[in-house]
Every structure is written in C-alpha cells, then in structure tokens.
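Before any comments, here is the structure.
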Amino acid sequence: MFEVRPSSNPEEYGLAVYGIGQYVGAPPTEEQIGRFKQVLPIEGMHAAFEDGTIVGGAGAFPFELSVPGGVLPCAGVSVVGVYPTHRRRGVLRALMDVQLQDVHERGEPLAALWASEETIYDRFGYGLASWAGEVRLARVWNSYARPFERRGTTRFVAADEAATLFPPVWDALMRERPGWIAKRGAEGLLCAAAPDGTGYAFKVADGKLPRAVVLVDQFHCHLGTGRLRA
Ligand SMILES: CC(C)(COP(=O)(O)OP(=O)(O)OC[C@H]1O[C@@H](n2cnc3c(N)ncnc32)[C@H](O)[C@@H]1OP(=O)(O)O)[C@@H](O)C(=O)NCCC(=O)NCCS
C-alpha cells in the first residue's frame, strides 16, 4: 500500500506538487516552491509514497470560508495529482482518506474544492455547491505577463480564397508539429494555432457556419521554418 503523510521539507513538497504539475509543465524550481509555500504551507501538501518514492500529492490551502452566520476554517483542496506511472492503483483514494482525516483532526469542519474534473470527487464526499463562479479583477491589478506586441492584421476572406491561402499554413504546421492532423475538405473546422500563440488562422466550411473566414496576414511559426506569409 501507499504511505501518505504531509510533506516535511521543500524537496518532498516539490515532488508532491509535481504530482499534478507534471501534467502542465516542468518540475517546480526552488523559486517557485518558495513562492507557492507562502500560500500553501509545506505541511498542507500531502505526499503519497511507494517504497519511499513520492508518486502523488494533494494539497489543502488553509482557508476561512463564509457560511450563513459566520466564518469557518476550511481546507481548500487543490493540487491533486498522481504520477502517470501509478495511476488507477488507489493512490488518490489513499491521499483523499489521509487528507480528510488530517483536516478533521485539525478541527476544520469543511473541505471544498474547485475540481478540473468534478466527476472524481463525489465518491470522497464532495458535492455540487455552485454552478458558476465569477472573479472580477480591476484593470489596475492585472496586466499581460509578457509585453503584448500587436503583430499582423486580420481580415475576412471568402471561402474559396481561404481554400488557397490556408493549406500552406496547415502544411507548414504539419511539418513542424508532431501530432498535427491532416484535415481538409468541405466538412469540419480547419484550425491552426501559431506555436507561440501570436497568430491564428481558421476556416469554417461545413456549409452552415459563416461563409467568411478570418485570415491572419502574418503567420509566425517559431518552431522551424520562420515566418510564413499566407
Ligand atoms: C485523477 C487522478 C488524480 C486519479 O488518481 P488515481 O490514483 O489513478 O485514482 P485511484 O486509483 O485512487 O482511484 C480512486 C477512485 O477514483 C476513480 N477515478 C480515478 N480517476 C478518475 C477520473 N479521471 N474520472 C472519474 N473517476 C476517476 C477510480 O475509478 C476510483 O474509484 P472507486 O474507488 O470508486 O473505484 C490521476 O489519474 C491524475 O493525477 N490524473 C491527472 C491529473 C488530474 O486530473 N488531477 C485531478 C485534477 S481535478
């Protein structure tokens, strides 16, 4: 079976966070761990071990939650992930069991989560509390993480013009990107996103959707052949 306990040092913490982190990026750096543990304390991150090796993690932010009549401590469950080498063997169940026991022992009467995949958690006692949430950020508090440089222009083109303009873009991406699907023709959605997100081009040609398509004038492909001009 799997041993589950709170992580006890930054190294364990980073490996437990990486349980979910690996599905979206690289292992956390020391700097990232330093920042993250300010909001999710080291002992709030449970780690699952197999023979001393971490194979998953689940975190609980120390929240206070408003309830009718007051405020209660609440475990804000998040950062849940099991290493791909160990999925479907009960690691999550072991994590959820110990995490909830510890939450109870800490005297937190509530645990709540915003799940990416909500179908997982009802078996552990979670249920639907809200259909939607909305967060508004004043413009003064938000900005692009990287400077935004406007590049290229967009215009509508007719479907027949798109039929000649788009395939070269698609073909270039096919050559550069493993996993790209060759798809042309009258049906379906033809969609190409620039690897660095700077531009896109799409064509809708199922007969029901708009006849016009949007074309990005300059299509930047940074993975190989440089700039394509469609
Ligand atoms: C989802 C994930 C955490 C499950 O971990 P796991 O160790 O494979 O799960 P377990 O083997 O402990 O399964 C526990 C229970 O959850 C169920 N379950 C597991 N993954 C599920 C999924 N994706 N959807 C629905 N149920 C799931 C299992 O069937 C099992 O149910 P049972 O005990 O009633 O038979 C793991 O697959 C993972 O890390 N996935 C990628 C990251 C992710 O999706 N994290 C969750 C974000 S909300």
Across 10 Å bins from 0, what is the distribution of all Cα-Cα pair distances for the range 3-134, in whole percents?
12, 44, 34, 8, 1
In what order do Met96, Met174, Met1, Met45 fall by count of nearby beta-carbon atoms within 10 Å, going from fewest to most?
Met1, Met174, Met96, Met45
Phi-derived 3J(HN,Hα) across the range 122-139 with the Karplus relation (6.51, -1.76, 1.60, θ = phi - 60°), rounded Hz, x for Gly and Pro, is 5, 5, 9, x, 8, x, 6, 10, 7, 7, 7, x, 9, 10, 10, 10, 4, 4
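Based only on other Cβ atoms within 10 Å, what is the fewest-to-most ordering of Phe61, Phe2, Phe148?
Working: Phe61 17, Phe2 20, Phe148 9.
Fewest-to-most Cβ neighbours within 10 Å comes out as Phe148, Phe61, Phe2.
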Give me, ordered by chain and number, the residues 5 or more places off Leu110 or on other chains with an amide H under 5 Å from its own placed amide H.
Ala75
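Values in this text are rule-based calculations from the coordinates and carry no lab data. What you are looking at is a predicted structure, and each value in this text was computed from that prediction instead of being measured. Cβ sites come from the backbone with ideal geometry, for glycine too, and all protein chains shown count toward neighbours.
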